[in-house]
Amino acid sequence: MSIEGALGVALVDYESGMSLGILGGGPQLDLELAAAGNTEVVRAKQRTLKSLGLQEEIEDILITLSQQYHLIRPLGRSRGALFLYVAL
């Protein structure tokens, strides 16, 4: 949360869609709901890579909104099925 403009951050298990920890958020951003919704984004991208036969791993996913940036950073298979979600 020390990044200037940070609205919130969540550590998310993308197999269950559950947040393991959140910081920030509030009335302007429901991090639990955002984390669960972005789980579907990660799953969809993984399915697409598999369908294309690409043996690649996702480095990050950037979603640009009119007044916010949402960054999704998978933490890799070696650390389990987790991703870091940051809203700026």
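Once backbone amide H atoms are built at 1.01 Å from N, residue 8 has 25, 87 as its partners under 5 Å, excluding neighbours fewer than 5 places away on the same chain. With N as its number of residues, the chain has a Cα radius of gyration that, divided by 2.2 N^0.38 Å, comes to 1.08.
For residue 14, the residues whose modelled amide H falls within less than 5 Å of its own, excluding neighbours fewer than 5 places apart on the same chain, are 82, 83.
Put a dot 7 Å past the Cα of residue 41, heading toward its Cβ, do the same for residue 61, and the two dots end up 0.7 nm apart.
Axis of helix 31-51 versus longest Cα principal axis of the chain: the two differ by about 20°, to the nearest ten degrees. The 3J(HN,Hα) values that the Karplus relation (6.51, -1.76, 1.60; θ = phi - 60°) gives for the stretch 15-27 are, in residue order, 7, 9, x, 8, 7, 8, x, 9, 9, x, x, x, x Hz. Gly and Pro appear as x.
Laboratory data are not the source of any read-out in this text; all were calculated from the coordinates shown. Since the structure is predicted, the reported quantities are computational estimates derived from the model, not experimental observations. Here Cβ is always computed from backbone atoms with ideal geometry, including for glycine, and neighbour counts include all displayed protein chains.
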